[in-house]
Amino acid sequence: MSKQGTLWGVGLGPGDPELVTVKAARVIGEADVVAYHSARHGKSIARSIAEPYLRDGQVEEHLVYPVTTETTDHPGGYAGAIEDFYREAAERIAAHLEAGRDVALLAEGDPLFYSSYMHMHTRLTQRFNAVIVPGVTSVSAASAATGTPLVEGDQVLTILPGTLPVEELERRLADTDAAVVMKLGRSYPVVRKALSSAGRLDDAFYVERASTPRERVLPAGEVDESSVPYFSLAMLPGTPRRETANGSVAVVGLGPGHTEWMTPQSRRELAAATDLIGYGPYLDRVGARGGQRRHPSDNTDEPARARLACTLAEQGGAVAVVSSGDPGVFAMATAVLEEAKQWPGVQVRVIPAMTAAQAVASRVGAPLGHDYAVISLSDRLKPWDVIVARLTAAAEADLVLAIYNPASKSRTWQVGAMRDLLLEHRDPGTPVVVGRDVSGPDEDIKIVRLADLDPADVDMRCLLIVGSSQTQWYDDRVFTPRRYPTS
């Protein structure tokens, strides 16, 4: 039995023949057969890159795609036409391998990175030996063309096909430090829209035919969408680490509990910070990164935390002060902004997040579907008579109430006093949602009648939502209709 040939998957790099590796050049020159793909026009980019390394006497297998768009009269449609093509191409290569001839199957970039080679690999490697020769990818070539680092430190790079739906592109672009979007061509308008919607268009580059004589580099927002070739990409570099004399403070919302509810912007701010400040259990929710300093504290001295943040920022730090929920809702944003008035060189940014009220509401339906008021029941920072006046006004206006800070170890009577006050204006059967540790490990949701609200069931980890006269409750669903009845 004759010896079979070897299939070589040869990466050619992004286009410049000088970026072909030494090993790839040797394999191409020694192969009995050189195979390559092209569109129906017959001009193979892969062959043009490999041409300096070809030798006389080699057999060439030119694999011509029957279609390059989804328009075809094949009875199986585009998928059927492509499947037939790959099957027939694989058999052509298999015939050479069975005859003992080594085949170098050329692939632009890297053979296992968005490459046509993979379709041959999966069809042939069960029968024949295959060896991969990796190549320089267009991602590396594009980064070199812009002269801009893609990522640094522990930043995350995401590679995306531009053929994804715009909503999916937006989500992934917003949720990464840096990105490269491949396969542009006719998909570029969608990619541009996604970059714009994610607020990152101004930071992105467009790179066309990287490393070739026809290379073009433009700001992504300045590209003529009607003339974008398939061999182009959009590159979104990671944001460089801050190195300013005077730093900044980002007051970052962590959301109500689970990390999946944290926004991409919050994650980016936390990753870029040199110093993290916050209540100890909140800091525990933030993954530790090398080189970051953590400054945990208890949950009482907000001015001290704000002062430390401004001090570190003035020393050049990129400081993140963390808050559960949204930092502007009964949280650290106010304390930091108040302190920062005394620090003119310190910039303060507030990074929003999902609130506890939104989280609790989502577990039962839509109790906040109409007008509602947000009131803290804590009388540590404002007198109880002010709380009573605001509860009364909201009750008389028939607003749904989201009650923060309802109780603590030292505040045990306020929930009962609130219940009794509201019963003067609300039906005893008004639904009250008691949400504890929503999206956390000890999550517990209860729905009770206002008259049956037991203060013993409520603590500092709870948020209450008290319905209006229009709020409806059935089974475990609560919602407030958006239409209010006319008088």
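Quick look at the numbers
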item: Centroid-to-centroid separation of the range 353-425 and the range 26-82 [C-alpha atoms, Å]; result: 69 Å
item: Helical contribution to [θ] at 222 nm, DSSP H n ≥ 4, -39,500 (n - 2.57), averaged over the chain, rounded to 500; result: -8500 deg cm²/dmol
item: Cut-off 17 Å (backbone N to label point 7 Å along Cα→Cβ of HIS41), residues of the range 197-237; result: 208-210, 212-216, 226-232
item: Coordinate range along principal axes, alpha carbons of the range 23-146, Å, largest first; result: 45, 42, 27
item: Surface share of carbon and sulfur [accessible, 1.4 angstrom probe, percent] for the chain; result: 50 percent
item: Cα gyration tensor shape of the range 251-297, rounded if a/c is under 1.5, else prolate or oblate by comparing a/b with b/c; result: oblate
item: Ranking by accessible area, most exposed first, for LYS382, LYS23 with a 1.4 Å probe; result: LYS23, LYS382
item: Within-12-Å neighbourhood charge of ALA389 [Cβ basis; K, R +1; D, E -1]; result: 0
item: Ellipsoid semi-axes in whole angstrom, largest first, where each is sqrt(5λ) of the Cα gyration tensor of the range 209-355; result: 36, 18, 14
item: Pairwise FRET efficiency - MET460 versus GLN315, Cβ, R0 = 35 Å, nearest 0.05; result: 0.55
item: Considering only the chain, percent of DSSP beta bridges that pair antiparallel, nearest 5; result: 40 percent
item: VAL251 long-range amide H proximity, modeled H, under 5 Å; result: VAL321, ARG349, VAL350, ILE351
item: Debye, to nearest 20: dipole size of the chain, +1 on Lys, Arg Cβ, -1 on Asp, Glu Cβ; result: 340 debye
item: Solvent-accessible area per residue for the chain (1.4 angstrom probe, square angstrom); result: 49 Å²
item: ILE28 accessible area, 1.4 Å probe, all protein chains in place, Å² to nearest 10; result: 0 Å²
item: The chain: Lys pairs at Cα distance under 21 angstrom, eight or more positions apart or on different chains; result: 4
item: Long-range amide H partners of THR158 with built H, under 5 Å; result: ALA178, ALA179, VAL180
item: At most 16 other Cβ within 10 Å, DSSP loop - trypsin sites (Lys or Arg not before Pro), the range 187-217; result: ARG214
item: Virtual spin-label span in nm between TRP413 and ALA389, 7 Å along Cα→Cβ; result: 2.2 nm
item: Loop trypsin sites (Lys or Arg not before Pro), the range 353-450, which have at most 10 other Cβ atoms in a 10 Å radius of their Cβ (DSSP); result: ARG380, LYS409
item: Gain in span if fully extended, ASP476 to ALA79, counting 0.36 nm per residue against the direct Cα distance; result: 138.2 nm
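The values are calculated or read from the model by the stated rules, or taken from the named source; none is laboratory data. Because the structure is a prediction, the values reported are computed rather than measured. Methodologically, a virtual Cβ is constructed for each residue, glycine included, from the backbone with ideal geometry; neighbour enumeration extends over all protein chains shown. Only protein heavy atoms, including side chains, enter the accessible area calculation; ligands, DNA and RNA are left aside. Shrake-Rupley method; radii C 1.70, N 1.55, O 1.52, S 1.80 Å.
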